[in-house]
Amino acid sequence: MIMPVRSAADLMPLLPELVLVIGAFALLMLDLFLDDRRRVVTHVCAIGLLLVAGLMVAMGVGGQGTVLGGMFVRDTTADVLKVGIAIVSAISMVYAWPYLRERGLYKGEVAVLMLFATLGMMLMVSANSLVMVYVGLEMLALCSYALVVTDRDSPIASEAGIKYFVLGALASGLLLYGMSLVYGATGSLDLATISAAAEGNSSTMLVTGIVFMVAGIAFKFGAAPFHMWLPDVYHGAPTAITIFIAAAPSLASFGMAYRLLQEAGGPLSGHWQLMLGGLAAISLVIGNLSALVQTNIKRMLAYSTVSHVGFLFMGLAGGESGMAAAMFYALNYALTTAAGFGAVVVLSRKGFEADRIEDFKGLNARSPFLALMVLFVMASLAGVPPFLGFWAKLAVLQAALEGGMMWLAIVGIVFTVIGAFYYLRVIKAMYFDEPAGDVPAPSTHRPLRWTFGLNALALLVLGLGWSPIMAWCQQAFEVAAG
């Protein structure tokens, strides 16, 4: 039963989310009085709101606890993910402004939709009930569908939006059906109660519910063989929007997987760990082999995402001991993906999307600094030491070994080597190939270039000092286990 809110103190753990939603509605009203020339105010305020919400979470403002009758929980796990979501969403919005404005695509509702999508992500990682999981998921999904078709005159974007909507609805249906079976088998929507009811209970209805929930989670992550929407959506959406829907939602999806599988379905881990291990192997194979033959860098990064989901699932398949490694990988992936698509945004201009690998040819001759930053990004994606991506891959491989899945770790190592080829192909194009025709100069927008530079440099700096981040992730799950 939902308990009534008796005082403002009852909502203190919700304070960052309340600031975000009140600010989003305020910006929606403010935008009515702004013309296109002054619309940057809406965007800057939206970025400020994200940073304020993230700072509030990091500083512990409002405290931890459960509210809304136990449907919403704020714990260390949620706080780590929310800080990552706020930072990566803010970075995505910095990338978005010059790109969308130059093409005449920026409207005030873009920033508001991004804020509500971020709110949905924060609700997902704090969900303590199947209802809250679904509310957060649909808030994120509906905003994402609208953002993908920001360029209404583009047939590619329209096609991507339709595919995203249809397949996203299918994924939500699978997840909801699984939740309904779990509810039918346990008689509760509360995750802790479901976990208690699942102890020693391997009924067909309950296990089938877990299977459908795993399928829904795999769809939302873009794991193979549920990845058919990913390349078309990443390619069809405006690149600035692709950054937003590719980076931060991976953290929210990890939070959702942790809540549903570990917190609710922990007693049935023997079933879902094996499923996640199989999905991880399939994703590594299909993702890397498909990325090898791509000439469009956005599609290459999309198939690369499928392979990275394989690594993330490798950590999740390790069970409770692998959760910290999977969270560390999710944080690395979100930051690195933002930089990967950010490179495309920095090099693109109106009428030139820089979304083909050949568009990166000779970049070192045109801009040595940008070429070096793109090299950092590709090296981190490939898992080259000492970049952050190397330590993230190492952590999930170790989690797979500790979870008794040596075969999966071997698959991961083999396809890491294979996957390095398509990242090295971009580096080769920048440093050893001549430009293909007359290529426009990279963007001169200073905040955009600074953001990309800091984003790429962070992959090296955090790679050199990765242990505090890993310790923070481990602390989150030690507290949860305690």
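None of the figures in this text is laboratory data; all of them are computed from the coordinates on show. Computed from a predicted model, the values in this text were never measured in an experiment. Using ideal geometry, Cβ is built from the backbone for each residue, glycine included, and neighbour counts are taken over all protein chains shown.
Couple of notes before you dig in:
- Filter on LYS82/LYS220; LYS220/LYS350; LYS298/LYS361 - keep pairs with C-alpha separation over 27 Å: LYS220/LYS350
- What the phi angles of the stretch 353-359 give under the Karplus curve with 6.51, -1.76 and 1.60, with θ = phi - 60°, is a coupling list of 8, 6, 9, 10, 4, 5, 6 Hz, glycine and proline written as x.
- Prolate/oblate/rounded label for the stretch 413-482 (Cα gyration tensor, a/c 1.5): oblate
- Label assignment, mean projected area of the Cα convex hull in nm² derived from the structure, set (i) 21.2; (ii) 64.8; (iii) 30.0: (i)
- Net charge over other residues, Cβ less than 14 angstrom from the Cβ of LYS82 (K, R count +1; D, E count -1): -1
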